[in-house]
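The values are calculated or read from the model by the stated rules, or taken from the named source; none is laboratory data. Just so you know, these numbers come straight off a predicted model, no measurement behind them. Here the Cβ positions follow ideal geometry from the backbone for every residue, glycine too, while neighbour counts run over all protein chains shown. For the accessible areas, the whole protein counts, side chains as well, though only heavy atoms, and no ligand, DNA or RNA atoms are used. Shrake-Rupley method; radii C 1.70, N 1.55, O 1.52, S 1.80 Å.
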Amino acid sequence: MQITAAMVKELRELTSAGMADCKKALTEAEGDMKRASEILREKGLAAAAKKAGRIAAEGLVAAAISADRKSGALVEVNSETDFVAKNEDFINFVQQMANQALNSKADTADALLAEPWQPDPSQTAKDVLTNKIATIGENIGLRRFTRFIIEGNGAVVEYIHGGGRVGAMLTLDAPEVNDAILEAGRNVCMQISAMSPQFVSRDDVPAEHLASEKEIITRQAMQENETSDKPKPAQVIEKMVEGRLAKSLKEICLLDQEYVKEGEHTVASYLKSVHPDLKITKFARFEKGEGVEKKEVDFAAEVAEAMNG
């Protein structure tokens, strides 16, 4: 059977596969469009399986917020290269994944991927992800997501920085939600993106973390004292440790941090200046590729290997 350009075009629109792959699949399927789609899918799954082990440390962070701002989702989807992260198809996919997370009840990435894909329930989210890997040609993965839901007063607020390099989301507890409250939420999200706090307030710091931090600071202070020309008495060392611990907490607790947009404020005093009853109850910060060990590439060696190969 003769394979026409119109048939190739139709199959490409159905599958998003390359023109050459579509033509090969149609030839193998003797013009049967359904069988050609299956062939492309089978080849795509095989290709995706081969790519699954490759390190994906680039990608994007995206957010989705409900119309009433009572719920929100933050996701990180990774790719192998920054080039793919700028691809419009990939950007749209990451935003769709954020929407998927917003409207899901899944609590793990695997559970989310197993759900029907909301734009096309005939596929699972995992099916769509696998097809993206085959089409784009890189390993892609949903690394993590979080979902915030507010019961009662308040709002979920988000901020995405650097075109998806960093994202922050928080929940505000406020007696009313207006433009000033939402602006304050966005400003604090920017603070979170820039300053990477770990906890909302000192009350949220686990006792184990405090004990571990104090032990580390104490050891450092004692080592400094042992090598000092003028050793300090134990009570002075104790005060030094308390001071350094307080400084450490100020760096990791959001409300204690210096508010970067206005140095005379802490985040806590800034919020109070907007509304005396405005509170932040929780937050999340995702930075793409954070903590992923990236493969060091020796391009000179790669070129030499290619030439010798």
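Between Gln118 and Glu208, what length comes free when the chain is fully extended (0.36 nm per residue of separation minus the Cα-Cα distance, one decimal in nm)?
Numbers: separation 90, 0.36 × 90 = 32.40 nm, distance 4.17 nm.
Residue separation times 0.36 nm, minus the Cα-Cα distance, leaves 28.2 nm.
How many Å² of accessible area per residue for the stretch 108-203, probe 1.4 Å? Let's see the in-between values first.
On the way: 4240 Å² over 96 residues.
It amounts to 44 Å² per residue over the stretch 108-203.
Report the charge-dipole magnitude of the stretch 119-195 in Debye, nearest 20, computed about the Cα centre from +1 at each Lys and Arg Cβ and -1 at each Asp and Glu Cβ. Walk me through the numbers before you get to the answer.
Numbers: 7 positive and 9 negative charges, 96 e Å.
That gives a dipole near 460 debye.
Quick one: which residues, 5+ away or cross-chain, put their amide H under 5 Å from the amide H of Thr124? H built at 1.01 Å from N.
Trp117
With a sphere of radius 15 Å drawn around the Cβ of Ser273, what net charge do the other residues whose Cβ falls strictly inside it have (Lys, Arg +1; Asp, Glu -1)? Working shown, then result.
On the way: positive: Lys261, Lys272, Lys279; negative: Glu183, Glu258, Glu262, Glu264, Asp277.
Charge balance near Ser273 sits at -2.
So what are the ³J(HN,Hα) numbers for the stretch 263-277, from phi and the Karplus equation (6.51, -1.76, 1.60; θ = phi - 60°), rounded to whole Hz, Gly and Pro as x?
After applying 6.51 cos²θ - 1.76 cosθ + 1.60, I find x, 7, 10, 8, 4, 4, 6, 4, 4, 5, 6, 7, 7, x, 9 Hz.
First select every other residue whose beta carbon is under 11 angstrom from the beta carbon of Val8; then total the charges, Lys and Arg +1, Asp and Glu -1. It would help to have the intermediate numbers written out before the result.
Values: positive: Lys9, Arg12, Lys23, Lys24; negative: Glu10, Glu13, Asp21.
Combined, the nearby Lys, Arg, Asp and Glu give +1.
In degrees from 0 to 90, rounded to the nearest 10, what is the angle of the helix 5-15 Cα long axis to the longest principal axis of the chain?
30
How big is the Rg/Rh ratio for the chain, C-alpha atoms only, Rh by Kirkwood, two decimals?
On the way: Rg = 25.8 Å, Rh = 23.1 Å.
With Rg and the Kirkwood Rh in hand, the quotient comes to 1.12.
Apply 1/(1 + (r/R0)^6) to the Cβ-Cβ distance of Arg12 and Glu262, taking R0 = 51 Å, and write down the FRET efficiency to the nearest 0.05. Each step should come with its number before you reach the end.
Working: r = 54 Å, r/R0 = 1.05.
Between Arg12 and Glu262 the formula returns 0.40.
Given the options Gln223, Ile136, Ala114, identify the residue whose Cα lies farthest towards the positive end of the charge dipole of the stretch 100-246 (+1 on Cβ of Lys, Arg; -1 on Cβ of Asp, Glu).
Gln223
Could you work out the Rg to Rh ratio of the stretch 181-264, with Rh taken as the Kirkwood radius (inverse of the mean 1/r over all Cα pairs)?
1.12
Considering the options Pro175, Ser212, Tyr159, tell which one lies farthest towards the positive end of the dipole of the stretch 154-237, charges being +1 on Lys and Arg and -1 on Asp and Glu at the Cβ, about the Cα centre.
Of the candidates, Ser212 comes out farthest on the positive side.
How large is the dipole of the chain about the Cα centre if only Lys and Arg carry +1 and Asp and Glu carry -1, each at its Cβ, rounded to the nearest 20 debye?
Numbers: 39 positive and 50 negative charges, 45 e Å.
Here the chain has a charge dipole of around 220 debye.
Tally Lys/Arg at +1 and Asp/Glu at -1 over every other residue whose Cβ is under 11 Å from the Cβ of Met240; what's the total? It would help to have the intermediate numbers written out before the result.
Numbers: positive: Lys232, Lys239, Arg244, Lys247; negative: Glu224, Glu238, Glu242.
Net of charged neighbours comes to +1.
Roughly how many debye, to the nearest 20, is the charge dipole of the stretch 127-278 about its Cα centre, given +1 on each Lys and Arg Cβ, -1 on each Asp and Glu Cβ, and no other charges? Please list the in-between numbers first.
Values: 17 positive and 24 negative charges, 93 e Å.
Value, rounded to 20: 440 debye.
Below 8 Å between Cα atoms, with a sequence gap of 6+, how large is the relative contact order for the chain in percent?
18
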